[in-house]
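This report refers to the structure that appears directly beneath it.
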Amino acid sequence: GHGGVISRPGTSSAGSGKGRAATVELLPWYTGFAGGGNQQYHRYMDEEWGVPVRAPGREVDNRLFEMLILEGAQAGLSWATILKKREAYRRAFDGFDIAKVAAYPSRKVEEFLRRPGEGPDAIVRNRAKVASTITNARCCIEVAKEHGSLCKFLWSFVGGVPRESRWPRLSAIPAQTEEARVMSRALKRRGFRFVGPTICYSFMQSVGMVNDHPVGTPQWLRIHKLVKGDG
């Protein structure tokens, strides 16, 4: 849907301009994705997707953990669905505080599955996905011990520097890359779950390891300037 939007195009209706091609061309490039027309989705794609999330400190590690979990939760669903549930996830998992989630007892999985609530008020009630959130938090702690921080480890797969893609159009954007495949293998080796190469690439797109907005779009230009100023 977003970071994953690329690899998971939903039903597209953006091409049916009916003589209003000029209007269609002004729509954001991601409008054709499932749920891509709603305001929450727009805000996410315009303000978050592709913006580099990298800095020392627990706050950034927690944010990276959040995106890794949400990307995994999205498997088989639309990104728009997960975005709507994002606040429910934050409430359920202590704001994605890695240390707190890692300390959950195993009975917590059952609690999550039995919790009331529907739609945006509930997380995805999938046993494997819920259990993997706790497992992955514990793996994050081990990675941070080994590498100094989760951020340092995850960003090492792009050499610590955001990549700038120059895709001419949406259809050119890949579902996964060699870096994503390497990241996926490394995470699986360390016990992480729901970290296949497509999920990993969606994650990389989300947290700005790559700027995969099509070249020349307002979103691509904004991140291009942001990263340039950063350097």
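Points worth noting:
- Mean projected area of the Cα convex hull of the range 116-164, taken over all directions, amounts to 5.5 nm².
- Ligands, DNA and RNA left out, the accessible area of the range 87-182 computed with a 1.4 Å probe is 52% carbon and sulfur.
- Gain in span if fully extended, THR31 to LEU77, counting 0.36 nm per residue against the direct Cα distance: 14.8 nm
- Listed by chain and number, the lysines placed with their C-alpha closer than 25 angstrom to that of LYS188 are LYS100, LYS108, LYS129, LYS145, LYS152; residues fewer than eight positions away on the same chain are left out.
- Length released on extending from GLU142 to ASP94, taking residue separation times 0.36 nm less the Cα-Cα span: 15.3 nm
- Cα-based helix-to-principal-axis angle, 218-230 vs the chain, degrees rounded to 10: 60 degrees
- Per residue solvent-accessible surface (Å²) - the range 144-183, probe of 1.4 Å: 55 Å²
- Between the listed residues CYS151, TRP167, LEU27, the Cα displaced farthest toward the positive end of the dipole of the chain, a dipole computed from Cβ unit charges relative to the Cα centre, is found at CYS151.
- For the range 48-95, a Kirkwood hydrodynamic radius built from all Cα pairs, placed in the Stokes-Einstein relation at 25 °C and 0.890 mPa s, yields a translational diffusion coefficient of 212 µm²/s.
- Here the convex hull built on the C-alpha positions of the range 173-218 has a volume of 65 cubic angstrom per residue.
- Accessible area per residue (1.4 Å probe, heavy atoms of protein chains only) ranks ASP97, ASP46, ASP212, ASP121 as ASP121, ASP46, ASP97, ASP212, with the largest value leading.
- Taking only the alpha carbons of the range 48-175, we obtain Rg and Dmax values of 15.8, 49 Å in that order.
- Length available on full extension from ARG125 to GLN39: 0.36 nm per residue minus the Cα-Cα distance, which gives 28.4 nm.
- Given +1 at the Cβ of Lys and Arg, -1 at the Cβ of Asp and Glu and no other charges, the dipole of the chain around its Cα centre is 460 debye to the nearest 20.
- Taking every Cα-Cα distance in the chain and sorting them into 10 Å bins starting at zero, the pair-distance distribution P(r) comes out as 8, 33, 36, 18, 5, 1 percent.
- For ASN211, the residues 5 or more places off, or on other chains, whose built amide H falls under 5 Å of its own are ARG163, GLU164, SER165.
- Cα pair distances in the range 114-213, grouped into 10 Å bins until the bin that holds the longest one, percent each: 14, 39, 29, 16, 1
- Point-to-point label distance, ARG114-VAL60, nm (Cα→Cβ direction, 7 Å offset): 4.1 nm
- Pairwise centroid distance, computed over Cα atoms, of the range 111-128 with the range 205-224, Å: 33 Å
The values are calculated or read from the model by the stated rules, or taken from the named source; none is laboratory data. This structure is a prediction, so every number in the text was calculated from the model and none was measured. All Cβ positions, glycine included, derive from the backbone under ideal geometry; neighbour counts span all protein chains shown. For the accessible areas, the whole protein counts, side chains as well, though only heavy atoms, and no ligand, DNA or RNA atoms are used. Shrake-Rupley method; radii C 1.70, N 1.55, O 1.52, S 1.80 Å.
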